[in-house]
Amino acid sequence: MQDPMFFNKIAAALLVALLLFFGLPQLATALRGGHHGGGHEAEGAHPFPQYPIEYAAEGGSGGEAAAPVDFATVLAGADPKAGERRAALCKSCHTLDKGGANGTGPNLWGVVGRAVASHEGFNYTGALKAAGGDWTFDRLSAYLENSQAYIPGTAMVQRFPKVEQRAELIAYLNTLSDSPMALPTPAPAAEPAVEPAAEDATAEEATTEEQPAEH
């Protein structure tokens, strides 16, 4: 005899299967802490970002720009002895002694103050020849900070990103001369901002007291 509830059981089983099929993903999303809010994501968009996001500091506009550094001020306090130690890196391409031979790079005796691309016997790149001018303290600092960015096409590839390191090295290079260059004068220190005078809160200066009229 056929079970009178047979079709009801089949329908109930199908309903449970449909509920499980469509309901479980929603339940999983809810348990993970799904998105809430009134906006809608673009079709096909992943619910989580696939790249790092940089957030601005709370209460600011991303930080204040660093104050410009006066290289002459840093150079005035630079230690040539520390620069001599840093110059060990230069010796892989340059000689530093007076009358020394050229290597991969030109001899650096007397480099501070001499004309760019002027050392006798060295075959400079066209980029350096076209630069012109002299190797001033500021130009050497800019060149050592990032040689390829300062003079694109130069054969030297070197970076000294810290201004203190560059100052020490240049202070040492300046000693490699029969007549070292005089150091540039540091910029005068900025005067502290003057606070506005506080308002005088005395009743006598703040307001004029009205006198009662006589009758």
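Determine whether region 104-113 contains at least one residue that is free of Cβ contacts under 8 Å to residues at least 40 places away in the same chain and among the small types (Gly, Ala, Ser). Within region 104-113 (the criterion being free of Cβ contacts under 8 Å to residues at least 40 places away in the same chain and among the small types (Gly, Ala, Ser)), the answer is no, since none of the residues qualifies.
Pull up region 143-190, narrow it to residues that are free of Cβ contacts under 8 Å to residues at least 12 places away in the same chain and among the small types (Gly, Ala, Ser), then point me to the one that is farthest from Cys93 (Cα to Cα). Restricting to residues being free of Cβ contacts under 8 Å to residues at least 12 places away in the same chain and among the small types (Gly, Ala, Ser), the top hit is Ala190. Reported count of residues in region 77-98, each being at pLDDT below 95 and exposed (fewer than 13 other Cβ atoms within 10 Å of the Cβ), is 4.
The residues of region 115-152 that are among the charged types (D, E, K, R) and surrounded by fewer than 15 Cβ atoms within 10 Å (Cβ to Cβ), listed by number, are Glu120, Lys129, Asp134, Asp138. Of Val74, Val112, all but one fail to be within 17 Å of Ala171 (Cβ to Cβ), in contact with a Phe, Trp or Tyr (Cβ under 8 Å, 6 or more places away or on another chain) and surrounded by 15 or more Cβ atoms within 10 Å (Cβ to Cβ); the exception is Val112. Within region 153-184, being among the β-branched types (Val, Ile, Thr) and either surrounded by 14 or more Cβ atoms within 10 Å (Cβ to Cβ) or at pLDDT 95 or above (or both) holds for Thr154, Val163, Ile170, Thr175.
Give the number of residues within region 115-143 that are within 29 Å of the chain's Cα centre (by Cα) and hydroxyl-bearing (Ser, Thr, Tyr). So the count comes out to 3.
The values are calculated or read from the model by the stated rules, or taken from the named source; none is laboratory data. Just so you know, these numbers come straight off a predicted model, no measurement behind them. FYI the Cβ positions are ideal-geometry reconstructions off the backbone, even for glycines, and counts take in every protein chain you see.
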